[in-house]
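The values are calculated or read from the model by the stated rules, or taken from the named source; none is laboratory data. Predicted model only: the values in this text are computed from it and were never measured. Glycine also receives a Cβ, built like all others from the backbone with ideal geometry; neighbour counts cover every protein chain displayed. Surface areas here come from the heavy atoms of the whole protein model, side chains and all, with no ligands, DNA or RNA. Shrake-Rupley method; radii C 1.70, N 1.55, O 1.52, S 1.80 Å.
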Amino acid sequence: MSTRPTEQMPVKINVKTDIRDGRSKDTFELIAFGQYYIKENARFLQYDEAMEEGTAKTIVKVSEKEGLILRSGAVKMRLPFQMNKKLKGNYHTPYGVFELDTMTKRLDHQFDEQTGTGSIDLLYELKMHGANTGTYHLSITFKKEEES
């Protein structure tokens, strides 16, 4: 692995989330601008997301064997991912803390330094307080923003 210093790269990010719950499927898309960087053996995407409650700062961390989505600000959430392992996360709301369980089915990351493009592909089952909330497919693509 490279030991070069952490260099943040401005990126345009497209986040597409497909949620399947039984027979129904919902799709959400978000375009955001943020930063991509490598620190130790992990790769990070960082961006802000505007929501009804305010702005949430989102960090997506991916390494060879695991991933993590952290949100802070208007929403506070921690969702860990590890292939074929059930892991505990949480989601803080004004009404209390919800316990979450993730079971990761796919965790892939690509980055092409020549083109400045990359992707994160994450497929997982999510449970809240033990109840199945669906299968989530998070497809994140990002491209280096040319600085003017």
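Pick from segment 119-133 the residues that are of a type outside the set (D, E, K, R) and surrounded by fewer than 16 Cβ atoms within 10 Å (Cβ to Cβ): which of them is farthest from F98 (Cα to Cα)? Explain how you work it out, then say what you get.
First, the residues of segment 119-133 that are of a type outside the set (D, E, K, R): 119-120, 122-124, 126, 128-133.
Right, trim to surrounded by fewer than 16 Cβ atoms within 10 Å (Cβ to Cβ) and you get 119, 128-133.
Working: S119: 29, M128: 7, H129: 7, G130: 10, A131: 11, N132: 13, T133: 12 Å.
Only one residue tops the list, namely S119.
Taken together, the residues in segment 71-122 that are over 30 Å from E53 (Cα atoms) and either in contact with a His (Cβ under 6 Å, 6 or more places away or on another chain) or of a type in the set (G, A, S) (or both) amount to 1. Being surrounded by 13 or more Cβ atoms within 10 Å (Cβ to Cβ) and either at pLDDT 95 or above or charged (D, E, K, R) (or both) is the filter; apply it to segment 51-61 and report the residue that is nearest to the chain's Cα centre (by Cα). Applying the filter and picking the extreme gives V60.
For E146, the conditions (1) buried (at least 16 other Cβ atoms within 10 Å of the Cβ); (2) charged (D, E, K, R); (3) not in a strand (DSSP E or B) are fulfilled apart from (1).
Scanning segment 1-15 for residues that are open to solvent by 60 Å² or more (accessible area, probe 1.4 Å) and at pLDDT 95 or above yields a single hit, K12. Within segment 104-118, being over 12 Å from the mean Cα position of the chain (by Cα) and open to solvent by less than 40 Å² (accessible area, probe 1.4 Å) holds for T104, G116, G118. For the structure I just gave you, tell me whether Y36 is closer than 28 Å to E145 by Cβ, buried (at least 18 other Cβ atoms within 10 Å of the Cβ) and among the hydroxyl-bearing types (S, T, Y). Spelling it out, Y36 is indeed closer than 28 Å to E145 by Cβ, buried (at least 18 other Cβ atoms within 10 Å of the Cβ) and among the hydroxyl-bearing types (S, T, Y). When segment 62-77 is filtered for residues that are of a type in the set (V, I, T) and either open to solvent by 30 Å² or more (accessible area, probe 1.4 Å) or assigned to a strand (DSSP E or B) (or both), the ones remaining, listed by number, are V62, I69. Looking at D101, D18, D48, just one residue is in a strand (DSSP E or B), open to solvent by 60 Å² or more (accessible area, probe 1.4 Å) and either at pLDDT 90 or above or out of contact with any helix residue (DSSP H, G or I) (no Cβ under 9 Å at 6 or more places or on another chain) (or both), and that residue is D48.
Is it the case that some residue within segment 78-92 is small (G, A, S), within 21 Å of E29 (Cβ to Cβ) and surrounded by 17 or more Cβ atoms within 10 Å (Cβ to Cβ)? No - not one qualifying residue is present in segment 78-92.
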